[in-house]
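What follows is calculated from the coordinates using simple rules that are stated; it is not laboratory data. No experiment lies behind these values; they were computed from the predicted model shown. As a convention, Cβ positions derive from the backbone with ideal geometry for all residues, glycine included, and neighbour counts pool all protein chains shown.
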Amino acid sequence: MTFTQGKASDTPFVPATRPFLAAAGEAGNAPRAILLGLPFDGTVWFRRGTWKGPDAVREMSDSLETYSPRLDRALDDRAEALFADLGNIWPDAQGPSGAGDFSEEVVARYLEKVESAAAGLFRSGALPFAIGGEHLVTLPLVRAAAAQFPGLTVMDFDAHTDLRDDMEGRRLSHATVMRRILEVIAPGDLHQFGIRSGTRAEFELARRGVGSFYETVGENPKNALPRLWGRPVYLTIDIDVLDPAYAPGTGSPEPGGCTPAELFEALYLVAEEHRRGKLRVVGVDVVEVHPDLDPTGITAIIAAKVVREALLGLA
Ligand SMILES: [Mn+2]
């Protein structure tokens, strides 16, 4: 697979009109991280629109500098870019308005396409960073990561448990994604932060059955991290972990969430442990940005900053 931006003819990627932060320079042959957009929200029935998330995050990345004062690193420190933005993997069934056939077979086929592309990225040794899309897109990424990295653990920042076994009969849904992930990794290897919404059954399962389960963020990632030492880590950030006051542009906002500062502190902490070799982050995603519900663009800007800080801290 070639990582040269805009030349994706032998891949399922369609180049983005405008790559993230103009991809901060020329991509080399072996960028340390790969950005990919997953413009999919085919299992959402209420207020669809997160499929527009990847390109909105790219567009709003224009408001950011390439330099992070906190990390004292810049995306364009080297002549060759730290990362390449490969563009989007589109659902075959989706038209330009977002409408399409999202039967369970079509959804499963899209997830297989993403998993196959992700497997190639994990094999390349680069750090894949995905932008959703609904949270279900995390499933194929975790499946591909687990195949490549035995003993994979998952850190999930989210407002919702996503532990239903099915949603209105569908086993593949944004509301079931963590339950499906528990079929891929050991339940004790799922660590959830900021969770404040779900059914009683989901909360009972989470409280007795997953590795860490915290209803807030705060200092909890710090408390949980020793349980991840020595392990490969997949990091998934549902933007609705943030309070809707900060990040209104998301499909299922849930009051009582954390501040952006708490989320960034958690990210810096994980990055520091990664750089010290305490654990190894092998993949990251940020999901559930809904541009139509984000009149000022702030939710997409926060997501873009998560992407930048994660690229600088982890790649
Ligand atoms: Mn959520």
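Below are the figures for this structure:
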{"item": "Long-range HN-HN contacts of residue 35 with modeled amide H, under 5 Å", "result": "84, 85, 86, 129"}
{"item": "Choice from 57, 107, 154 with maximal GNM fluctuation in the chain (Cα, 10 Å cutoff)", "result": "107"}
{"item": "Computed [θ] at 222 nm, deg cm²/dmol, the chain (DSSP H ≥ 4; -39,500 (n - 2.57); rounded to nearest 500)", "result": "-9000 deg cm²/dmol"}
{"item": "Distant-in-sequence amide H partners of residue 287 (H built 1.01 Å from N, under 5 Å)", "result": "132, 237, 238, 239"}
{"item": "Expected-Rg normalisation [2.2 N^0.38 Å, Cα atoms] applied to the chain", "result": "0.90"}
{"item": "Top of 11, 50, 66 by mean-square fluctuation, Gaussian network on the chain, Cα under 10 Å", "result": "11"}
{"item": "Dipole axis of the chain (+1 Lys, Arg; -1 Asp, Glu on Cβ), positive-most option in 14, 137, 210", "result": "210"}
{"item": "Residue-by-residue Karplus 3J(HN,Hα) for the stretch 188-195, coefficients 6.51, -1.76, 1.60, Hz, glycine and proline x", "result": "x, 9, 9, 10, 10, 9, x, 6"}
{"item": "Amide H contacts under 5 Å for residue 81, placed H, 5+ residues apart", "result": "26, 27, 28"}
{"item": "For the stretch 165-235 and the stretch 268-293, distance of Cα centres in Å", "result": "16 Å"}
{"item": "Peptides ranked, highest mean first, by Cβ atoms within 10 Å: ranges 87-98, 234-245", "result": "234-245, 87-98"}
{"item": "Ordering of 209-221, 31-43, 288-300 by packing [mean C-beta count within 10 Å, highest first]", "result": "31-43, 288-300, 209-221"}
{"item": "HN-Hα J in Hz across the stretch 125-135 - Karplus 6.51, -1.76, 1.60, θ = phi - 60°, x for Gly and Pro", "result": "x, 7, 8, x, 10, 9, 10, x, x, 6, 5"}
{"item": "3J(HN,Hα) from dihedral phi, the stretch 256-272, Karplus parametrisation 6.51/-1.76/1.60, rounded to Hz, x for glycine, proline", "result": "x, x, 8, 8, x, 4, 4, 5, 5, 4, 4, 5, 5, 5, 4, 4, 5"}
{"item": "Distance in nm between pseudo-label sites at residue 298 and residue 204 (7 Å out along the Cβ direction from Cα)", "result": "3.9 nm"}
{"item": "Computed magnitude of the charge dipole of the stretch 20-314 (debye, nearest 20; Cβ of K, R +1, Cβ of D, E -1)", "result": "900 debye"}
{"item": "Extension gain, residue 227 back to residue 113 (0.36 nm per residue minus Cα-Cα distance, nm)", "result": "37.8 nm"}
{"item": "Modelled FRET efficiency - R0 30 Å, residue 165 with residue 261, Cβ distances, 0.05 increments", "result": "0.30"}
{"item": "For the chain, built as a Gaussian network whose Cα springs stay under 10 Å, the top-fluctuating residue of 176, 138, 250", "result": "176"}
